[in-house]
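A.B. asks: This is the structure, below, for whatever I ask next.
The values are calculated or read from the model by the stated rules, or taken from the named source; none is laboratory data. Being a predicted model, the structure only gives us computed values, none of them experimental. As a convention, Cβ positions derive from the backbone with ideal geometry for all residues, glycine included, and neighbour counts pool all protein chains shown. Please note that ligands, DNA and RNA were not included when accessible areas were found on the heavy atoms of the full protein model with its side chains. Shrake-Rupley method; radii C 1.70, N 1.55, O 1.52, S 1.80 Å.
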Amino acid sequence: MGITRVAIAGSTGSIGTQTLDYIAQSDGQFEVVGLGVGTSAQAVIAQAKQWKPKVVAVADEAARKEVAQALPGVEVVSDQAVLAELADVVVNGVVGFAGLSVTMSTLRLGKRLALANKESLIAAGPVVQPLRNIAGADIVPVDSEHCAIHQCLRSSIDSGREVNRLLLTASGGPFRGRSRESLANVTVEEALKHPTWSMGPKITVDSSTLMNKGLEVIEAHELFGTDFDDIDVVVHPQSVVHSMVEFTDGAVIAQLSMPDMRLPIAYALSYPNRASVPFGSIDWSTLARLDFEVPDTQTFTCLNLAYQAGRTGGTAPAWLSAANEVAVEAFLNGQIMWSRIPEVIDATLQQHDGLVPTIVEDILHADALARRFALQVLSA
Ligand SMILES: NC(=O)c1ccc[n+]([C@@H]2O[C@H](COP(=O)([O-])OP(=O)(O)OC[C@H]3O[C@@H](n4cnc5c(N)ncnc54)[C@H](OP(=O)(O)O)[C@@H]3O)[C@@H](O)[C@H]2O)c1
């Protein structure tokens, strides 16, 4: 087996740094050919000095100049889409809609996409789907739940016809069990205290509102072609069962491991083989219990909003995701209370124009329009 060339978009983030950590442990199986970031000049310079990529993409102009000066001989570009040209597999660890160009360019070039950036698939499902038919193009999910389902489906001869439903597990986030009233004044610090995972701020807030699970429901629909009626969410506070598939004969197959994102990252990089380094092995002598409960959708209404947008289809998921990004940023900046996040998204979705996208420009337009409405709701 030859060396696999890897490019990492979002290399300075939680997914990006864990990808590099896995690569460091995998005995020269992978070569890092590209790195991409938003603004973190010093961090990507340090990564580039260690990993010697051929290209570094930096979105922010000032940061790009700084990186170019520090890395003579390295091609420093603005466009993350370039990363796919040199790689066999691209890890999309960018946060938010900004990851769209990486998703599109990787599939267009017929490469494997190790997809953590769920927002691009959710917002642009209708224009991303046809790219999956390009020879060599493949999406291997990095999101732990979808990676689990991907693994469970491999146990089926005809997963398309034999699946009854997908069961996405959710930790429930830091506010599981709390009433709506008791959540009125929660702080950013409290929302960022995830009980089982250490992740970037946006996805951590999304976990606290259950929007992350809502986005994952749409992601599962896009990845596996499953109807929304056949995707259920089960709260499982220990985050050991990463998701499950129920087959037509009633059998349920689950994937279990301790919470460690390096397992799904390694799975996506090594696919179709298994990684040789184990992550998240379970110590069965200390694993006392596994609990399951239904999600509280009266308190965590974002989950309902996501199902609603997913069922509407077209550009509704793009609107949902864009409004959520605006609301979460406003919460993280101290502009709004946590409890206003679903209100902003709901009010934005009320304005959805019903556009059915056919080209990527339709998605860009939908994203921009939804952001504008969400900002209007914020300032009203
Ligand atoms: N973290 C997890 O465990 C986890 C699990 C499942 C799924 N995911 C998904 O993975 C994605 C990344 O999450 P994360 O937690 O790793 O986020 P994060 O820690 O906030 O890192 C985000 C990365 O994206 C880069 N970035 C931001 N804006 C950019 C832009 N405009 N152009 C290019 N790069 C940009 C950042 O660069 P700078 O450093 O320069 O800002 C950083 O490298 C999200 O879609 C998330 O939902 C994450």
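A.B. asks: As an exercise: evaluate ASP260 against (1) within 16 Å of the ligand (Cβ to nearest atom); (2) part of a helix (DSSP H, G or I); (3) open to solvent by 10 Å² or more (accessible area, probe 1.4 Å) and give the number of the one condition it does not meet.
C.D. replies: For ASP260, the failing item is (2).
A.B. asks: While we're here: From the list GLY73, GLY36, pick out the single residue that is within 14 Å of the ligand (Cβ to nearest atom) and either within 23 Å of THR204 (Cα to Cα) or not aromatic (Phe, Trp, Tyr) (or both). Step through it out loud before you land on a result.
C.D. replies: Working: GLY73 fails: within 14 Å of the ligand (Cβ to nearest atom).
Unique residue meeting the criteria: GLY36.
A.B. asks: Considering only residues that are within 24 Å of the chain's Cα centre (by Cα) and open to solvent by 30 Å² or more (accessible area, probe 1.4 Å), look in the range 36-80 and name the one that is farthest from SER105 (Cα to Cα).
C.D. replies: ALA43
A.B. asks: Let me ask something else about it. For the range 19-47, enumerate the residues that are touching a helix residue (DSSP H, G or I) at 6+ places or on another chain (Cβ under 7 Å) and farther than 24 Å from ALA70 by Cα.
C.D. replies: Correct list: TYR22, PHE30.
A.B. asks: Considering only the range 12-33, state which residues are within 16 Å of the ligand (Cβ to nearest atom) and in contact (Cβ under 8 Å) with a residue 60 or more places away in the chain.
C.D. replies: Step one: of the range 12-33, the residues within 16 Å of the ligand (Cβ to nearest atom) are 12-23, 32.
Residues satisfying the conditions are GLY13, SER14, ILE15, GLY16, GLN18, THR19, ASP21, TYR22, ILE23.
A.B. asks: Could you please let me know if GLN18 is over 27 Å from LEU215 (Cβ atoms), open to solvent by 10 Å² or more (accessible area, probe 1.4 Å) and assigned to a helix (DSSP H, G or I)?
C.D. replies: Working: over 27 Å from LEU215 (Cβ atoms): no; open to solvent by 10 Å² or more (accessible area, probe 1.4 Å): yes; assigned to a helix (DSSP H, G or I): yes.
Answer is no for this residue.
A.B. asks: Next question, about the same structure. Just give me the residues in the range 187-208 being without any contact (Cβ under 8 Å) to a residue 60 or more places away in the chain and within 13 Å of the ligand (Cβ to nearest atom), in sequence order.
C.D. replies: Result: LEU192, HIS194, THR204, SER207.
A.B. asks: In the range 105-145, what count of residues is obtained for those that are more than 19 Å from LEU269 (Cβ to Cβ), more than 10 Å from the ligand (Cβ to nearest atom) and open to solvent by less than 10 Å² (accessible area, probe 1.4 Å)?
C.D. replies: Number of matching residues: 4.
A.B. asks: Check the range 30-49 and report whether any residue there is aromatic (Phe, Trp, Tyr), part of a helix (DSSP H, G or I) and at negative phi. Don't jump to the end; show me each part of the working.
C.D. replies: Narrowing the range 30-49 to residues aromatic (Phe, Trp, Tyr): 30.
Okay, now just the ones that are also part of a helix (DSSP H, G or I), so none.
No - not one qualifying residue is present in the range 30-49.
A.B. asks: Further question: Would you check if ALA306 is buried (at least 18 other Cβ atoms within 10 Å of the Cβ), out of contact with any Phe, Trp or Tyr (no Cβ under 8 Å at 6 or more places or on another chain), modelled with pLDDT of 95 or more and in a helix (DSSP H, G or I)? Outline the logic, then answer.
C.D. replies: Details: buried (at least 18 other Cβ atoms within 10 Å of the Cβ): yes; out of contact with any Phe, Trp or Tyr (no Cβ under 8 Å at 6 or more places or on another chain): yes; modelled with pLDDT of 95 or more: yes; in a helix (DSSP H, G or I): yes.
Taking the combined requirement at face value, the residue satisfies it.
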